[in-house]
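A.B. asks: Sending over a structure as structure tokens; questions will come in a sec.
The values are calculated or read from the model by the stated rules, or taken from the named source; none is laboratory data. All figures in this text were calculated on a predicted structure; none of them were measured in a lab. Positions of Cβ are generated from backbone atoms using ideal geometry, with glycine treated the same way; all protein chains shown enter the neighbour counts. Ligands, DNA and RNA are excluded from the accessible area calculation, which covers all protein heavy atoms including side chains. Shrake-Rupley method; radii C 1.70, N 1.55, O 1.52, S 1.80 Å.
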Amino acid sequence: MGTSAIRCVYMVSGAVLSGFTITNGHTRTSGEWAWDRPGGGIKCEKLGSSASVSNCIIRGNKASSHGGGMDYGRLYNCLVMENSVDFQGGGVHDAECHSCTIVNNSAGPWAGGACQGTNHLYNCIVYGNSAGGSGSSNHLESTFFNSCTAPDPGGTGNITEDPEFKDADGGDYHLGLNSPCINAGTNVDLRGPLDLEGNPRILSDVVDMG
């Protein structure tokens, strides 16, 4: 943080990033609110950007305004964990997310997990995040489809049950055998046949959440 802080990645619209771990990025605590201070891990060019990030781990980044892990853009098959922000959107801000797990991120007042605007999430898990503001630990002003989060965001096919990770305390966010997220997504939004680890996305007819 501070004047010498460096975010990990800046992406112009249409850029593609796949197969990386994005970690230890930071933004400045002063300067332009929308450019210098958001997106500690990844900052995409603009709202509605077609920049896409797939099969990546975004972990341990920090921003001062919004989007600790990522600001804008699209995410596919990614794990977003342990990122933080001073204001809102500890995990992602104004991003479109498909088959992602967004967990154990934190924010100052609002939305430790996912936040705002074009933030549409499909087949995702947004759980176990934290924020200082009441009632917005996991999400704020986001639209969910066939996803697992709490509180109930409304919409289609969403659940609020604990996703029952194998060992969340130990950082293992694979789904346990009794997870309600297994076979609970929708194949309509399937983006590619393989998951983050190169395993088949579908094992029993229907894709998992996350």
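A.B. asks: Run the accessible area of the stretch 81-137 with a 1.4 Å probe and give the carbon-and-sulfur part as a rounded percent.
C.D. replies: 47 percent
A.B. asks: Follow-up. First obtain the Kirkwood hydrodynamic radius of the chain from its Cα pairs, then insert it into the Stokes-Einstein equation at 37 °C and 0.692 mPa s, and state the resulting D in µm² per second as a whole number.
C.D. replies: 202 µm²/s
A.B. asks: Quick check on packing: order 31-40, 12-21, 72-81 by the mean number of other C-beta atoms within 10 Å, highest mean leading.
C.D. replies: 72-81, 31-40, 12-21
A.B. asks: Around D208, under 10 Å between beta carbons, what's the net of Lys plus Arg minus Asp minus Glu among the other residues?
C.D. replies: Summing Lys and Arg as +1 and Asp and Glu as -1 gives 0.
A.B. asks: Rounded, prolate or oblate: which fits the stretch 7-63 when a ≥ b ≥ c are the square roots of the eigenvalues of the alpha-carbon gyration tensor, with rounded for a/c under 1.5 and prolate only if a/b beats b/c?
C.D. replies: In terms of gyration-tensor shape, oblate.
A.B. asks: Something else now. I'd like the Karplus ³J(HN,Hα) series for the stretch 62-67: coefficients 6.51, -1.76, 1.60, θ = phi - 60°, whole numbers in Hz, and an x wherever there's a Gly or Pro.
C.D. replies: Calculated HN-Hα couplings, in order: 9, 10, 9, 9, 7, x Hz.
A.B. asks: Using a cut-off of 9 Å between beta-carbons, work out the net charge of the residues near D195 (Lys and Arg +1, Asp and Glu -1, D195 not included).
C.D. replies: After counting each charged neighbour, the total is -1.
A.B. asks: Something else: Probe radius 1.4 Å, ligands and nucleic acids ignored: give me the carbon and sulfur share of the accessible area of the stretch 12-79 as a rounded percent.
C.D. replies: 48 percent
A.B. asks: Right, next: Which of the three applies to the stretch 154-193, rounded, prolate or oblate, going by the alpha-carbon gyration tensor with a ≥ b ≥ c and a/c under 1.5 meaning rounded?
C.D. replies: oblate
A.B. asks: Same structure again: P(r) for the stretch 1-95: what percent of alpha-carbon pairs falls in each 5 Å bin, starting at zero?
C.D. replies: 4, 18, 30, 27, 15, 5, 0
A.B. asks: Apply the a/c threshold of 1.5 to the C-alpha gyration tensor of the stretch 121-167 and tell me whether it is rounded, prolate or oblate.
C.D. replies: Oblate, because a/c is 1.5 or more while a/b does not exceed b/c.
A.B. asks: Using a 1.4 Å probe, what is the accessible area per residue for the chain, in Å²?
C.D. replies: Here the per-residue accessible area is 42 Å².
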